[in-house]
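One structure is given below, encoded as structure tokens.
The values are calculated or read from the model by the stated rules, or taken from the named source; none is laboratory data. Keep in mind that this is a model prediction, so the values were computed, not measured. Cβ placement follows ideal geometry from the backbone for every residue including glycine, while neighbour counts extend to all protein chains displayed. These accessible areas exclude ligands, DNA and RNA; they are computed on the full protein's heavy atoms, side chains included. Shrake-Rupley method; radii C 1.70, N 1.55, O 1.52, S 1.80 Å.
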Amino acid sequence: MAKRVNEIIIFVFVALFSKAIGAKPYWRTRWPIDRVSNECLTWQLAVEANNVRGWRIVPAHCLSHIEAYMTGGQYEQDVNYIVEQIESYVSELVVGEDGMDAWVLDIDDTCLSNVIYYKKKKYGCEPYDPMAFKAWAMKGECPAIPGVLGLFSKLVDHGFKVFLITGRDEETLAPSTIANLHDQGFIGYERLFFRSPAYKGKSAVVYKSEIRKQIMEEGYRIWGNVGDQWTDLQGDCLGNRTFKLPNPMYCVP
């Protein structure tokens, strides 16, 4: 009993002493926080939650944070976790015998990674450069995002028809993109849609909505829609479920 009383006296003394000197009690001690990193993490969360919309560049002071996220393993871990959720959902689906069960996948930073390109653009801290990106895409050197490539293969093997929809220009980037996808192992998709002249000037939401509507009007059932941009997952004919992959480097309005 005396020991317990002594413990209580010591506890109260420490609390009063901490208050007297303006310090926080030991049980509320926090690890030191990098203020800049903390601000950038908050910004990234707001972006991924679509609470910050139509942003054009990554804040300059967040360069190191975004670089570390994209190349330090956390991005890959996040993508793989989302893929696991998709695969869990897929395991619950029963593919019909009519061959009309479908999935929709975006390409840039969904199937193929542009991190190598964006490294030269300070991971999005520099404004979007359409000519430079076109030159990069025409090389056909985008590596596959491993987790999504695995997901793609499983969808095809399960009998789903996979449709790829990209905002890339059909007239200039179709050949290099098709070859790039093939070289990286994206083989067996049902159809690949590019932004044709008919869709020039239309927003990403309108363009992709119209393509999905076309797919559904052909009788396909879209069970899932995967993209790295919110504009991939907004609009009409979205399908049964949507899945957002992380991308703090750029925003497609």
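Summary of values
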| quantity | calculated |
| --- | --- |
| From the C-alpha gyration tensor of the chain, square roots of 5λ in Å | 45, 24, 16 |
| Net length gained if the chain between LYS213 and SER91 were fully extended (0.36 nm per residue, minus Cα distance) | 41.4 nm |
| Length-normalised contact order for region 33-244 - Cα pairs under 8 Å, 6+ apart - percent | 22 percent |
| The chain - Cys residues lacking any other Cys C-beta under 4.7 Å | CYS111, CYS125, CYS142, CYS237, CYS251 |
| C-alpha center-to-center spacing [region 188-251, region 149-172] in angstrom | 11 Å |
| Accessible carbon and sulfur surface of region 33-244 relative to its total accessible area, %, 1.4 Å | 54 percent |
| FRET efficiency, 1/(1 + (r/R0)^6) with R0 22 Å, evaluated for ARG191 and ASP78 via beta carbons | 0.15 |
| Pairs beyond 27 Å (Cα-Cα), from LYS120/LYS161; LYS139/LYS200; LYS213/LYS244; LYS134/LYS154; LYS119/LYS139 | LYS120/LYS161; LYS134/LYS154 |
| Among ALA174, ALA198, ALA60: highest mean-square fluctuation, GNM of the chain, C-alpha pairs under 10 Å | ALA198 |
| Extension gain from MET131 to ILE57, taking 0.36 nm per residue of separation minus the Cα-Cα distance | 24.9 nm |
| DSSP-defined beta bridges in region 33-244 - what % are antiparallel, rounded to 5 | 5 percent |
| Along the chain, longest interval not containing exposed GluC sites (Glu not before Pro), exposed being DSSP loop plus at most 14 other Cβ atoms within 10 Å | 1-91 |
| Accessible area expressed per residue, the chain, with surrounding protein chains retained (probe 1.4 Å, Å²) | 55 Å² |
| Tilt relative to the chain, helix 204-217 - C-alpha long axis, 0 to 90 degrees, to 10 | 60 degrees |
| The chain, helix-only ellipticity at 222 nm - DSSP H runs n ≥ 4, -39,500 (n - 2.57), divided by all residues, nearest 500 | -14500 deg cm²/dmol |
| Longest site-free stretch - the chain; sites: trypsin sites (Lys or Arg not before Pro), DSSP loop, at most 15 other Cβ within 10 Å | 57-199 |
